[in-house]
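These notes concern the structure reproduced below.
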Amino acid sequence: MYRYDHLHFRSEDPHAARKFWEEMFGAKMVAQRELGGAPSFNMDLNGMTFIVSGRAKNENPIRVGSDPRYGLDHFGLKVDDMDAAAKELKAKGAEFICEPWEIRPGVKIAFVKGPDDISIELAERKG
């Protein structure tokens, strides 16, 4: 009954966030529009749709303590070869929050820092 449609996250700098997803992971912008007075980009990452948009006019971000909180907890991307993915992303200047490690037999994960401090999990699942 329910199927994935999209993820949507807000960014303090949506243009920089769009560029990050394009350069690091090869995402493609498929649509651009204004949403509540802010730039908004529909992105495609190998068939997965997500939206990056800025702060709408008169919008206040959800706050955690005294700091504004944008985005979501983390964005998970499946990789076939963790070592190759980590090497490629590091060559592009990606900042790893957590280096690749095996959390259980056959499963390696790592976390990369994304726009607005979003954590991007890389997951390699064998078997």
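Give all pairs with beta carbons closer than 9 Å in which a residue from the range 90-110 that is at positive phi and exposed (fewer than 10 other Cβ atoms within 10 Å of the Cβ) meets a residue that is modelled with pLDDT of 95 or more and of a type outside the set (S, T, N, Q); count only pairs at least 6 apart in sequence or on separate chains.
Close Cβ pairs (under 9 Å, with a partner that is modelled with pLDDT of 95 or more and of a type outside the set (S, T, N, Q)) amount to 93/23.
Of the residues that make up the range 75-97, is at least one in a strand (DSSP E or B), at pLDDT below 85 and under 30 Å from residue 38 (Cβ atoms)?
Within the range 75-97, one or more residues are in a strand (DSSP E or B), at pLDDT below 85 and under 30 Å from residue 38 (Cβ atoms).
I'd like the residue in the range 13-57 that is in contact (Cβ under 8 Å) with a residue 60 or more places away in the chain and out of contact with any strand residue (DSSP E or B) (no Cβ under 8 Å at 6 or more places or on another chain) and, out of all such residues, is surrounded by the most Cβ atoms within 10 Å (Cβ to Cβ).
20
Within the range 1-30, can you find the residues that are in a strand (DSSP E or B) and either touching a Lys or Arg at 6+ places or on another chain (Cβ under 9 Å) or of a type in the set (Asp, Glu) (or both)?
Those that are in a strand (DSSP E or B) and either touching a Lys or Arg at 6+ places or on another chain (Cβ under 9 Å) or of a type in the set (Asp, Glu) (or both): 10, 29.
The values are calculated or read from the model by the stated rules, or taken from the named source; none is laboratory data. A quick note: this is a predicted structure, and the numbers were derived from the prediction, not measured. Glycine gets a Cβ as well: all are built from the backbone with ideal geometry, and neighbour counts include every protein chain shown.
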